[in-house]
Amino acid sequence: MPLYTYKAKTGPNQVTEDVIEADSHEEAITKLTRQGYFPIRVQLVSGSAASTERPEAAFARVKFRDLNTFTRQLASLIKSGVPILKALNIISDQTENKHLKNIVTDVARQVKEGRMLSDALQNYPQIFPPLYIAMIRSGENSGALEQVLLRITEHREKAAEIRSRIRSALAYPVLMVFVALVTIIVLLAYVVPQLKKVFDQIGQELPLITRILIGVSDTLVNYWYLFVGGVFLLLVLTKGVTLIEKTAFDLLKLKLPLIGNFIRKIEITRFARTMNMLLTNGIPILGAMEITIPTLANSVYQSELKKIIDDLRNGQPLARGLRASPYFFPFMVSLVAVGEESGRLDDTFNEIAVSYERDINEATKILLSLLEPALILVLGLIVGFIVFSVLLPIFSIDVTSY
């Protein structure tokens, strides 16, 4: 069905902009009028004749935190006995993010027309992922939508907490590298050229390392655009290789010393946390596995889970499929086997997630404790080489000849 963008008055001083589905321009105006809107502008979205998706611009700027706030507010209102349509309208009126406001308004309109909340949210797949939709649908079917919404929020906040912890741990090393690079560039681009003039006036033969340093400095000053172009080309090539050979690149990351195990634990934690949430809400294991696959960042784990799903369809237990993969730790496989035997896989996955989250915290501290002195050593050697190369010819000047 074609999509139309519209601008309409919803009150004396209130104007809204969004999209609406309609077979024709006239039907779009009629639908808006029935909703109590006064249309100001209604235009057909180019290329939308057979599309049921909303334009990307409608959901391009919804932040992670805004979506969490929406989910928690909706859970609180429903738990307080507020009907879902009224709850959506209340949230729409209070939402500051313009794009999320338009989305919630459209979702409320669809719910008013009789659609399920999960079906309405499916129109915005880049905002509400399959995991989110599946959880909402399970909550609608079980009559515990407010509990499901709270679980979604907790799940997203835990995932955000892990990412935030890793970013915080890397903030100091990144700042240190940035300051060191700026220092090195200033030394090579400004200080060394000034000292070169002094050395040229003295006319003394310079040591080899000083000549090397001056050569690097001259190259940086005279051909700086080659350095910039080289860095840009390297980034483009790395991005291109990553997109073309993503599986090979992801496999390489898993095989890196220290970092590989760290990445594995992050992926397993994400897998376990998602499975726990889905199984707790009554979603069958096959459906839970299929929903979980897109939530993983590493394509190697995605491929492995697809193989395990095929084994599950053939009647194989989950633990056997996990054991056959070299990317799942024996500790995790043993817990899953026990969980299958006891019929408490949801609790088992929660235990796995908690255990590996603890390991991630410890690994982050260890990696950080190793990374900081390593960076200080490397950067100190570079700066020391520059300083030594500058001072060596000064110390070797024959002052008796002057």
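What to note about this one:
- Highlighted here are the helices (runs of 4 or more DSSP H) found entirely within the range 266-325 that include at least 1 residues which are among the charged types (D, E, K, R), in contact with a helix residue (DSSP H, G or I) (Cβ under 8 Å, 6 or more places away or on another chain) and closer than 20 Å to Ala248 by Cα: 299-313.
- Of the set (1) under 21 Å from the mean Cα position of the chain (by Cα); (2) in contact (Cβ under 8 Å) with a residue 24 or more places away in the chain, all apply to Glu146 but (1).
- Qualifying residue in the range 357-371 (condition: farther than 30 Å from Pro173 by Cα and without any contact (Cβ under 8 Å) to a residue 60 or more places away in the chain): no
- Scan the range 313-324 for residues that are over 14 Å from Ala337 (Cβ atoms) and touching a Leu at 6+ places or on another chain (Cβ under 9 Å) and the total you get is 1.
- Residue in the range 229-244 that is outside any helix (DSSP H, G or I) and assigned by TED's automatic domain parsing to the domain that holds Gly380 present: no
- Contact map, the range 269-286: residues that are among the hydroxyl-bearing types (Ser, Thr, Tyr) paired with residues that are in a loop (DSSP other than H, G, I, E, B), Cβ distance under 9 Å, separation 6+ or inter-chain. Pairs shown: Thr274/Leu296.
- Pair list, Cβ < 7 Å and 6+ apart or interchain, from the range 212-232 residues that are farther than 14 Å from Ile185 by Cβ to residues that are at pLDDT below 85: Ile214/Val192; Ile214/Lys196
Results for (1) farther than 15 Å from Asn281 by Cβ; (2) within 21 Å of the chain's Cα centre (by Cα); (3) in a helix (DSSP H, G or I), shown as yes or no for each residue.
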position	(1), (2), (3)
Tyr124	yes, yes, no
His155	no, yes, yes
Ala159	yes, yes, yes
Thr183	yes, no, yes
Leu188	yes, no, yes
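- Hits in the range 95-106 - residues which are within 25 Å of the chain's Cα centre (by Cα) and part of a helix (DSSP H, G or I): Lys98, His99, Leu100, Lys101, Asn102, Ile103, Val104
- Checking each residue in the range 303-338 for being of a type in the set (Asp, Glu) and over 25 Å from the mean Cα position of the chain (by Cα) picks out Asp310, Asp311.
- Against the test of being surrounded by fewer than 16 Cβ atoms within 10 Å (Cβ to Cβ) and aliphatic (A, V, I, L, M), the options Leu379, Leu368 yield a single qualifying residue, Leu368.
- Odd one out for Ala319 among (1) modelled with pLDDT of 90 or more; (2) crowded, with 19+ Cβ neighbours inside 10 Å; (3) closer than 20 Å to Arg156 by Cα: (3)
The values are calculated or read from the model by the stated rules, or taken from the named source; none is laboratory data. Being a predicted model, the structure only gives us computed values, none of them experimental. Reconstructed Cβ throughout: ideal geometry from the backbone, glycine too, with neighbour counts over all protein chains shown.
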